[in-house]
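Chemist: One structure, pasted below without further comment.
The values are calculated or read from the model by the stated rules, or taken from the named source; none is laboratory data. Quick caveat: nothing in here was measured; it's all calculated off a predicted structure. Here Cβ is always computed from backbone atoms with ideal geometry, including for glycine, and neighbour counts include all displayed protein chains. All accessible areas refer to the heavy atoms of the entire protein, side chains included, with ligands and DNA or RNA removed. Shrake-Rupley method; radii C 1.70, N 1.55, O 1.52, S 1.80 Å.
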Amino acid sequence: MKNYRLIAALAAFFSLAAPVVAGAAQTTLPVEQEKQQEDKQEKPVPEPKVWTKRHQIKIAGKAVDYEAKTGTLLMKDEKGEPIALFGFTSYVRQGQDARTRPIVFAYNGGPGSASAWLHMGILGPRRAVLEDLASNTRGPFKLVDNEYTFLDRADLVLIDPVGTGFSRPVGKAEGKQFWGVDNDIKSVSDFIVQYLGEFQRWGSPKFILGESYGGIRTGGVTYDLLTRHNVALNGIILVSPYLDFVTGTAGLNSDAGDANFFSTYAATAWYHKALNPQPPELVPFLREVEQWIDTVYHPVLYKGARATAEERRAALEGLARYTGVSAEYWDAANLRLDENHFLQELMRAQGKTIGRIDSRFAAGMPSRLAETTAFDPYASAVAPAIVATFNDYARRELGVVSELKYELSAGLYKDWDIGHVQPDSNGRKIPYANVLPDISYAMTMNPKMKVLVQQGYFDLACPYGTVKSAIDHLNITPELRRNVHIEYYEAGHMMYVHPGSMGKFGETTKAFIVENSN
């Protein structure tokens, strides 16, 4: 949910903002640390709690009885010391054989987002009523039975990583032990393994569904489960996934990153009718744009100052033609725009700013002078309803009794360690996360594992061009590449809030699980 590009600058700032100071401050540091250690030792470890309820839902006209458990598991480190209460909600259909019943572990991204977005949006047996392209900010907020859930065919465990939802560090543990690419991968893998043991699901066909930054997490967890725990997955479902920091981010002066965003700029301009002439259909238009990126735009970015005046002129003409943003603006930006500049510029004349998470959304622009967006029209339109419905649902229908705040978006990206030790890096941490090697190795070691990618055309958090490029760069054989399928939607990052995409998302996900559970 957060702008992941900020992490690098913030991480650099924090590393420079606290230098070691000589003299008196240095002599008092051990005393302060000792006091902190004593405070931690005196802090009691809360008991894990799980609330259990029985419910029934009708799916395709048939009654499905299920048991819902909401609460926390107590996680311990290698020394047996408690380190976290890890929050989850599980839905298990009654009267089924757990040894053959598929189970899906699901989470959102962030880093710092709880699973309530997926929970209330599309996966759970109950979902929030959301009006598309409108401000869902005025109560009463409503819940309905979710006819698109896959609970009739598979069980579901929604995970809130430490620092989100009701999950918290405990004992002597601190947030920084969990807040980083590799620390997060390890803690989520450990939770999954502990859940499999405590609830006797070792024999079940196993799947993971991760959204957004959940792509980074899923790539790492898939490999970590296999190599550290010998847990093989039947399949992974990547929803609008973020997979590679460099090629998945615009504005870093990375040729691939800037080029990968452009097709969604074009899709956004098409949706808001900012093009002249206006192409009649989206998909044929995007195929044309993609070819232009490959043959004109990306080569000019790669050449830089070596590009001829004619090549630069051709690039500027295409940039303006396919986005509706003037050639003069693109020229001043040296042919490169990050999404926040584009979203602010596209409809500046009309006084509108455009959504990043779902660029179909638009809202008023308080300052027409600002060069970048100050808020996301999608998030402000949808988040209040998600927060209200989940908190009410958890307490009224799931029976949760807790004074803890449910952290929907904890902003953990500010303290996130973005480095990652890839399988092929000889133990060396790469400064910016890229989990394509993790997925490539996991698919090679587990050639029966399948991959489903669900991707929206109007997503400028994780544009479809960045996802397609990432999948194209998996280092796998042609045979293994047949295990990967991408499904596209005329919607945004959370395509499942789009009424026209809900059914397709539910059916595609369910079919993937069923097909790969035998």
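Chemist: Rank these by accessible area, largest first, 1.4 Å probe: Asp145, Asp152, Asp258. List each step's numbers first, then the result.
Modeler: Working: Asp145 75, Asp152 30, Asp258 5 Å².
Output order, biggest surface exposure first: Asp145, Asp152, Asp258.
Chemist: For the range 400-518, count the residues as N, evaluate 2.2 N^0.38 Å, and divide the Cα radius of gyration by that value, please.
Modeler: Numbers: Rg = 17.5 Å, N = 119, 2.2 N^0.38 = 13.5 Å.
In units of the globular-protein estimate, the range 400-518 measures up at 1.30.
Chemist: Relative to the longest principal Cα axis of the chain, at what angle does helix 24-42 sit, 0 to 90 degrees, rounded to 10?
Modeler: 50
Chemist: How big is the convex hull of the Cα atoms of the chain, per residue, in Å³? All intermediate terms of the calculation are to be shown ahead of the outcome.
Modeler: Details: hull volume 92.2 nm³, N = 518.
Residue-normalised Cα hull volume stands at 178 Å³.
Chemist: Which length gain, in nm to one decimal place, applies between Arg138 and Lys273 when the Cα-Cα distance is subtracted from 0.36 nm times their residue separation? Display every interim value, and only then the final one.
Modeler: Details: separation 135, 0.36 × 135 = 48.60 nm, distance 2.91 nm.
My answer for the length gained is 45.7 nm.
Chemist: Continuing with this model, one more query. So for the chain, averaging the separation of alpha carbon pairs under 8 Å that are six or more residues apart and normalising by length, what relative contact order in percent results?
Modeler: On the way: 1010 pairs, mean separation 101.1, N = 518.
Across the chain, relative contact order equals 20 percent.
Chemist: Would you mind classifying the range 117-176 by shape? Square roots of the alpha carbon gyration tensor eigenvalues, ordered a ≥ b ≥ c; an a/c under 1.5 is rounded, otherwise it is prolate if a/b is larger than b/c and oblate if not.
Modeler: Values: a/c = 3.39, a/b = 1.53, b/c = 2.21.
Oblate.
Chemist: Follow-up. Taking the alpha-carbon distance from Lys206 and a cut-off under 21 Å, which lysines remain once sequence neighbours fewer than 8 residues away in the same chain are dropped?
Modeler: Result set, ordered by chain and number: Lys69, Lys186, Lys448, Lys450, Lys510.
Chemist: I've got another one for you. At R0 = 30 Å, how high is the FRET efficiency between Arg321 and Ala511 if r is their beta carbon distance? Nearest 0.05 is fine.
Modeler: Plugging the Cβ-Cβ distance into 1/(1 + (r/R0)^6) gives 0.15.
Chemist: May I pose another question? Take the alpha carbon gyration tensor of the range 334-433, find the square roots of its eigenvalues, order them as a ≥ b ≥ c, and report rounded if a/c is under 1.5; if not, report prolate when a/b exceeds b/c, else oblate.
Modeler: Working: a/c = 3.03, a/b = 1.08, b/c = 2.81.
Taking the square roots of the gyration eigenvalues as a ≥ b ≥ c, the range 334-433 is oblate.
Chemist: Which residue, chosen from Tyr223, Asn276, Ala266, occupies the Cα position most advanced towards the positive end of the dipole of the range 217-284, where the dipole is computed from +1 (Lys, Arg) and -1 (Asp, Glu) charges on Cβ about the Cα centre?
Modeler: The listed residue farthest towards the positive side: Tyr223.
Chemist: Based on alpha-carbon atoms only, what is the radius of gyration of the range 95-235 relative to the globular estimate 2.2 N^0.38 Å? Provide the component values of the computation, followed by the final result.
Modeler: Values: Rg = 16.2 Å, N = 141, 2.2 N^0.38 = 14.4 Å.
Dividing the Cα radius of gyration by 2.2 N^0.38 Å gives 1.12.
Chemist: Separate question: Normalising by the residue count of the range 234-384, find the relative contact order in percent from Cα pairs under 8 Å and 6+ residues apart.
Modeler: The normalised contact order for the range 234-384 reaches 18 percent.
Chemist: Once fully extended, how much extra length lies between Gln350 and Val50, figured as 0.36 nm per residue of separation less the alpha-carbon to alpha-carbon distance?
Modeler: Numbers: separation 300, 0.36 × 300 = 108.00 nm, distance 5.12 nm.
Residue separation times 0.36 nm, minus the Cα-Cα distance, leaves 102.9 nm.
Chemist: Here's something else I'd like to know. At a Förster distance of 22 Å, what's the computed FRET efficiency of Val401 paired with Arg99, Cβ-Cβ distance as r, to 0.05? Walk me through the intermediate numbers first.
Modeler: Numbers: r = 33 Å, r/R0 = 1.51.
Here the calculated transfer efficiency is 0.10.
Chemist: In whole Å, what are the Cα extents of the range 153-210 along the three principal axes, biggest one first?
Modeler: 37, 22, 21
Chemist: May I ask for the net charge around Gly219, where only other residues with Cβ less than 11 Å from the Cβ of Gly219 are counted and Lys, Arg are +1 while Asp, Glu are -1? Please report the intermediate quantities before stating the final value.
Modeler: Numbers: positive: Arg217; negative: Asp224, Asp244, Asp438.
That works out to -2.
Chemist: For the Cα atoms of the chain, what angle does the longest principal axis make with the long axis of helix 181-198, in degrees from 0 to 90, nearest 10?
Modeler: The two axes meet at around 40 degrees.
Chemist: In degrees from 0 to 90, rounded to the nearest 10, what is the angle of the helix 214-228 Cα long axis to the longest principal axis of the chain?
Modeler: 50
Chemist: Give me the mean projected area, in nm² to one decimal, of the convex hull enclosing the Cα positions of the range 354-412.
Modeler: Values: hull surface 22.9 nm².
Its Cα hull, projected and averaged over all orientations, spans 5.7 nm².
Chemist: Let's test the formula: R0 of 22 Å, r as the Cβ-Cβ distance of Glu479 and Asn518. What FRET efficiency results, to the nearest 0.05?
Modeler: Working: r = 20 Å, r/R0 = 0.89.
The formula returns an efficiency of 0.65 here.
Chemist: Using a 1.4 angstrom probe on the protein heavy atoms only, could you order His119, His341, His272 from most to least accessible area?
Modeler: On the way: His119 0, His341 60, His272 35 Å².
Sorted by accessible area, descending: His341, His272, His119.
Chemist: Counting only protein heavy atoms and a 1.4 Å probe, tell me what percentage of the chain's accessible area is made up of carbon and sulfur.
Modeler: Details: 11680 of 22420 Å².
Carbon and sulfur together cover 52 percent of it.
Chemist: Residues with amide H under 5 Å of Val453's amide H, sequence separation 5 or more or different chain, H placed in the peptide plane at 1.01 Å from N; which?
Modeler: Those qualifying (amide H under 5 Å, at least 5 residues apart or on another chain) are Leu238, His485, Ile486, Glu487.
Chemist: When the label point is put 7 Å from the Cα of Lys62 along its Cα-to-beta-carbon vector, which residues of the range 497-515 have a backbone N closer than 15 Å?
Modeler: 510-511, 514-515
Chemist: State, as an integer percentage, the relative contact order of the range 320-400 based on alpha-carbon contacts under 8 Å between residues 6 or more apart.
Modeler: Numbers: 78 pairs, mean separation 16.5, N = 81.
It comes to 20 percent, rounded to a whole number.
Chemist: Hey, another quick one. What number comes out for accessible area per residue over the chain if the probe is 1.4 Å? Units Å², please. Intermediate values should be presented prior to the final figure.
Modeler: Working: 22420 Å² over 518 residues.
Result: 43 Å² of accessible area for each residue.
Chemist: Using only the alpha carbons, work out the radius of gyration and Dmax of the range 249-309 in angstrom.
Modeler: 12.8, 36
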